[in-house]
Amino acid sequence: MDFLNQRKKYKVNCMLCGEDLVYGESYEDVDCIYCNNKFNSNVTCKDGHYVCDSCHSLKGVELILTYCKSTDKTNPIEIAVDIMKSKNFYMHGPEHHFLVPAALITSYYNNIGETSELKEKGLLIAKKRSEDIKGGFCGFYGNCGAAVGTGIFMSIITSTTPLTKKTWGITNEITGRSLIKISELGGPRCCKRNLFTAIRQATEFVDKKLNVKLYDYEDFKIVCDFSKLNSECIGKECPYNLYK
């Protein structure tokens, strides 16, 4: 998809023009400005531009896979932040739904000293599953993709399926605990805040349930350096605010 490199892209709001996104109640047929494929959506920018989830996430997903396969870092927050600082990763978007399980999978396998082949296999499965979580899932479906990402992570490392007895419960529980904590912080949506919260909750859960400590979550202070890119940032109400 070389066409993604042919136009200037903005890190926030509309990738093409930078205008605010408009979330409507009704769905209409729209054409993606990058791939020209047709979609039925209720989200465009103020100027009517539409970018499909695949085009929005493409660069970010490639970056996640490349970084996570090669890194030996063990702190999932640091892994996620390194990736999010890239110019190819946007302030908001469905790529975060893959980043959560990817950072956790990478951290988990690096912590326990598992083979790179198993880590890569897990990352590819997480990529495939996260593609089913649409952009705007939090507000339209009441289920933030960052929280779902923690369930994807748990399912993969425990080989859980719909028919599994032993780990089916904790696979759903980790999602639930992450989602509750995200909901307590309130809206509007912030993909960074929700990602930090989901990873923090998942880390504590893995420590207590699987006896694997991904990082020193009790003492490690998560600080967000992305607020300047987020016009809906809740400022000092956010637990990760730089100036709090």
### Message
Regarding the stretch 166-184, can at least one residue be identified that is without any contact (Cβ under 8 Å) to a residue 60 or more places away in the chain, in the same structural domain as residue 90 (by TED's automatic domain parsing) and within 12 Å of the chain's Cα centre (by Cα)?
### Response
no
### Flag if residue 199 is in contact with a Phe, Trp or Tyr (Cβ under 8 Å, 6 or more places away or on another chain) and in a helix (DSSP H, G or I)
no
### Task
Could you please tell me which pairs satisfy a Cβ distance under 9 Å, a separation of 6+ or placement on different chains, a first residue in the stretch 229-241 that is in contact (Cβ under 8 Å) with a residue 60 or more places away in the chain and assigned by TED's automatic domain parsing to the domain that holds residue 196, and a second residue that is assigned to a loop (DSSP other than H, G, I, E, B) and exposed (fewer than 15 other Cβ atoms within 10 Å of the Cβ)?
231/20
### Query
Looking at the stretch 158-175, is at least one residue farther than 22 Å from residue 108 by Cβ and either modelled with pLDDT under 95 or of a type in the set (A, V, I, L, M, F, W, C) (or both)?
yes
#### Entry: Hits in the stretch 46-74 (condition: within 17 Å of the chain's Cα centre (by Cα) and either polar (S, T, N, Q) or in a loop (DSSP other than H, G, I, E, B) (or both))
52, 54, 57, 66
### Set 93, 48: member being small (Gly, Ala, Ser) and farther than 25 Å from residue 198 by Cβ
48
### Selection from the stretch 109-166 of residues that are part of a helix (DSSP H, G or I), over 19 Å from residue 208 (Cα atoms) and among the aliphatic types (A, V, I, L, M)
118, 123, 124, 125, 126, 146, 148
### Message
I'm checking my understanding of the structure. Among residues of the stretch 35-51 that are within 20 Å of residue 133 (Cβ to Cβ) and modelled with pLDDT under 85, which one is surrounded by the most Cβ atoms within 10 Å (Cβ to Cβ)?
### Response
51
### Summary
From the option list 206, 212, single residue qualifying as among the aliphatic types (A, V, I, L, M), modelled with pLDDT of 95 or more, surrounded by fewer than 21 Cβ atoms within 10 Å (Cβ to Cβ) and within 18 Å of residue 105 (Cβ to Cβ) is 212
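The values are calculated or read from the model by the stated rules, or taken from the named source; none is laboratory data. Quantities reported herein were computed from a predicted structural model and do not represent experimental measurements. Quick reminder, even Gly has a Cβ in these numbers, built from the backbone with ideal geometry, and neighbours come from all protein chains shown.
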